[in-house]
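No value in this document is a laboratory result; all are computed from the given coordinates. Not measured: the values here are computed from a predicted model. We place every Cβ from the backbone using ideal geometry, glycine too, and count neighbours over all the protein chains shown.
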Amino acid sequence: MDRPLTILGIESSCDDSAAAVVRDGPAGARVLSSVVRGQNSLHAAFGGVVPEIAARAHAEVLDLCVEAALAEAGVSLADLDGIAVTAGPGLIGGVLAGVMTAKGLSAATGLPLWGVNHLAGHALTPRLTDDLPFPYLLLLASGGHCQFLLVKGPDRFRRLGGTIDDAPGEAFDKVAKLLGLPQPGGPAVEREAQTGDPRCIPLPRPLLDREGCDMSFSGLKTAALRARDKLMEGHGGLRESDRRDLCASFQTAVAEVLTEKARRALAIYLADEPATPSFAVAGGVAANRLIRDSLSSLCLREDVGFVAPPLALCTDNAAMIAWAGMERARAGLPPDPVITARPRWPLDTTASPLVGAGRKGAKS
Ligand code: KG4
Ligand code: ZN
């Protein structure tokens with residue numbers, strides 16, 4: 001291990017303004033601070049993230065987040081070795097706010113600056129939390145993303161498959177909405193599902209009949225809408241038990257699709273006979289107990305290590321961005337002389353675009 005490195009991370013690609021300080025040294029990597037300021041209350045009245053409101057809010061609070069992250073970590077700008085900032089993919093106004101903040105800090109201090117892909121931040125997190133060796137398989141499942149990634153190096157990713165329409169978190173949020181449950185929908189649907197019958201309402205398992213690891217969640221959401229309407233028609237309104245059964249049936253459908261597609265992705269990954277096979281999850285949907293248990297049982301059967309980083313590092317944060325910068329620095333990748341904010345930025349540039357990718361969700 002070279003000398004310890006301390007990196008400041010800045011993230012603002014969707015609706016969380018975040019700054020964090022991460023240090024890597026002989027004793028391993030440590031998150032010295034991770035400050036996240038959400039914007040839920042600003043967007044609540046609009047039923048989704050409003051890009052202009054998000055961008056303005058990022059511009060207002062990012063410097064405060066940086067100050068708080070430095071203070072919490074007990075370091076000053078002079079103690080840093082570099083800055084890493086999310087340069088995409090994401091809502092362009094928000095990404096720009098982060099990039100401008102980071103460029104200003106870098107120009108004022110002379111610190112090297114790395115422009116990081118937000119998805120790389122998620123994908124490399126299991127190395128920050130669990131020191132996972134390359135190559136490993138990652139499922140990123142959140143409100144804006146859903147993909148299986150083979151993570152081979154700080155800058156080497158192969159996408160094995162992904163959603164061709166909605167992300168699963170987005171589907172959870174929409175199902176919650178149509179059942180009158182609060183946002184974010186995932187935790188609300190999971191709560192209701194606990195006492196529902198998962199086999200009561202037949203829902204499709206989209207794309208299981210198609211080879212490969214691509215997924216689709218838009219039709220499942222529409223099927224849930226039709227099932228709700230049918231139940232309401234039959235019972236003259238939505239009964240509490242119907243709502244619970246629908247949540248349980250929907251959650252089980254998502255879990256079964258993700259698990260079967262994960263089985264296929266694992267088969268591709270294991271064909272290369274990795275020395276220490278590991279499967280990691282990231283993103284808010286990984287918080288779901290049924291989905292997590294189902295994926296970890298799959299790994300047990302396949303004799304593959306299962307890693308689920310703590311939720312605060314699975315969901316959007318700046319520690320993962322600082323860490324992705326750290327990985328680049330350690331790999332000898334030079335700082336980026338020019339950083340351009342990018343609304344779209346696939347990690348695997350060789351993979352063919354997923355049908356409709358980027359069409360839905362804040363990030364693709
Ligand atoms: O990773 P994340 O915090 O933000 C981004 O989308 O980038 O993920 C948020 C998504 C939301 O759609 C939320 O409904 C979903 O993750 N989620 C869950 C659960 N907790 C959060 N979905 C299913 N079950 C949960 N327990
Ligand atoms: Zn994210």
Run the helix sum for the chain: -39,500 (n - 2.57) per DSSP H stretch of 4+ residues, divided by residue count, reported at 222 nm to the nearest 500 deg cm²/dmol. -14000 deg cm²/dmol
Of the candidates Leu266, Leu105, Ile164, the farthest towards the positive dipole end of the chain (Lys/Arg Cβ +1, Asp/Glu Cβ -1, centred on the Cα centre) is Ile164
What share of the DSSP beta bridges in the chain is antiparallel, in percent to the nearest 5? 65 percent
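Note down the relative contact order for the chain as a percent, whole number, built from C-alpha pairs under 8 angstrom at least six residues apart. Display every interim value, and only then the final one.
Working: 787 pairs, mean separation 86.6, N = 364.
The normalised contact order for the chain reaches 24 percent.
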Ala108 versus Lys177, label points 7 Å from Cα toward the beta carbon: distance in nm? 3.9 nm
Largest-first principal axis extents of the Cα set of the range 136-311 (Å): 58, 31, 28
Expressed as an acute angle from 0 to 90° and rounded to the nearest 10, what is the orientation of the C-alpha long axis of helix 240-270 relative to the principal long axis of the chain? 50 degrees
Among Leu203, Gly180, Phe217 - extreme Cα towards positive end, dipole of the range 164-221, charges at beta-carbon: Gly180
Rounded to 10°, Cα long-axis angle of helix 289-302 versus longest principal axis of the chain: 80 degrees
Simple Cβ-charge dipole of the chain, Lys/Arg +1 and Asp/Glu -1, about Cα centre, in debye nearest 20: 580 debye
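With both partners inside the range 136-311, how many of the DSSP beta bridges are antiparallel, as a percent to the nearest 5?
Values: 12 of 20 bridges.
Bridges in the range 136-311 that DSSP calls antiparallel: roughly 60 percent.
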Can you tell me which aspartates and glutamates have their Cα less than 17 Å from the Cα of Lys103? Leave out same-chain residues fewer than eight positions away. Glu11, Glu60, Asp63, Glu67, Asp81, Asp336
What pairs from Lys152/Lys177; Lys152/Lys261; Lys221/Lys261; Lys152/Lys221 go past 28 Å between their alpha carbons? Lys152/Lys177; Lys152/Lys221
When N is the residue count of the chain, what does its C-alpha Rg come to as a fraction of 2.2 N^0.38 Å? 1.00
About the Cα centre, charge dipole magnitude for the range 1-129 (Lys/Arg +1, Asp/Glu -1 at Cβ), debye: 200 debye
Efficiency by 1/(1 + (r/R0)^6): what FRET value for Lys152 and Glu72, r their Cβ-Cβ distance, R0 = 41 Å, to the nearest 0.05? 0.75
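For the range 136-311, give the magnitude of the charge dipole about the Cα centre (Cβ charges: +1 Lys/Arg, -1 Asp/Glu; no others), in debye to the nearest 20. Mind showing how you got there, number by number?
Details: 23 positive and 23 negative charges, 32 e Å.
Charge dipole, the range 136-311, about its Cα centre: 160 debye, nearest 20.
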Return one number: the angle in degrees, 0 to 90 and rounded to the nearest 10, between the long axis of the Cα atoms of helix 168-178 and the longest principal axis of the Cα atoms of the chain. 50 degrees
Rough spin-label spacing in nm, given labels placed 7 Å along Cα→Cβ, for Ser41 and Leu270: 4.9 nm
